[in-house]
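Report on one structure; see the data block that follows.
The values are calculated or read from the model by the stated rules, or taken from the named source; none is laboratory data. Everything numeric in this text was worked out from a predicted model, so none of it was measured. Neighbour counts are summed over all protein chains in view; Cβ atoms, including those assigned to glycine, are modelled from backbone coordinates with ideal geometry. Areas reflect the complete protein model, heavy atoms only, side chains present, ligands, DNA and RNA absent. Shrake-Rupley method; radii C 1.70, N 1.55, O 1.52, S 1.80 Å.
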Amino acid sequence: MSRRRHHTIDYVELAVTDLEECKRFYSEAFGWRFNDYGPMYAGIRSPDGESEVGGLNPGGEVRGGGPLVLLYSEDLDRTVEAVERAGGRVLKGPYAFPGGRRFHFADPSGNELGVYADA
C-alpha cells in the first residue's frame, strides 16, 4: 500500500555544489540519513527509513527564488545552534510569525531553507 497522498509534497530535490559537504551538513545539523547512488546523487531517507523524501543533486543548478522548503523543529533555538555548528549560515531570524517562530538559513551550497516551531 502506497503512503503517497494526492496533492501533497512527495519529494524535494536540492541542487548542491558539493555532495559530500551537504550530506555532512544535513546529517550533522538535522540527523538526516542518505541512500547513496554514486557520486552524482544521494536520496534523503524518510524518518522511518523505509522510503525517501528528497534528494541532493550535484548535477543541478543552485538557484535562488525557487520554492522555500520549511522544516519543523520542536526546539528552534537548538536548531539554530545545530545549523550554525554544522556550517550553515542564518539568513533571517529567528523571528515571530502568527502561530510560532522561524528562521531561514543557507546550506553550504547556498540553498535557502526555513525552519519553524509552534508558539
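List of remarks:
- Of all residue pairs spaced 6 or more apart or on separate chains, those with beta-carbon atoms under 6 Å, a first member in region 85-100 that is within 14 Å of residue 116 (Cα to Cα) and a second member that is assigned to a strand (DSSP E or B) and open to solvent by 50 Å² or more (accessible area, probe 1.4 Å) are 94/101; 100/116; 100/118.
- Residue, least open to solvent (accessible area, probe 1.4 Å), within region 2-26, restricted to residues that are closer than 27 Å to residue 75 by Cα, touching a residue at least 24 places away in the same chain (Cβ under 8 Å) and among the hydroxyl-bearing types (Ser, Thr, Tyr): 26
- Filtered by the rule that a residue be more than 18 Å from residue 22 (Cα to Cα) and either small (Gly, Ala, Ser) or open to solvent by 30 Å² or more (accessible area, probe 1.4 Å) (or both), region 49-91 gives 49, 50, 51, 65, 66, 67, 72, 73, 74, 75, 77, 78.
- For residue 116: the one exception among (1) surrounded by 17 or more Cβ atoms within 10 Å (Cβ to Cβ); (2) at pLDDT 95 or above; (3) in a strand (DSSP E or B): (2)
- Any pair with Cβ under 6 angstrom, 6 or more apart, that starts in region 41-56 at a residue that is touching a residue at least 24 places away in the same chain (Cβ under 8 Å) and of a type in the set (Gly, Ala, Ser) and ends at one that is open to solvent by 50 Å² or more (accessible area, probe 1.4 Å) and outside any strand (DSSP E or B): 54/11
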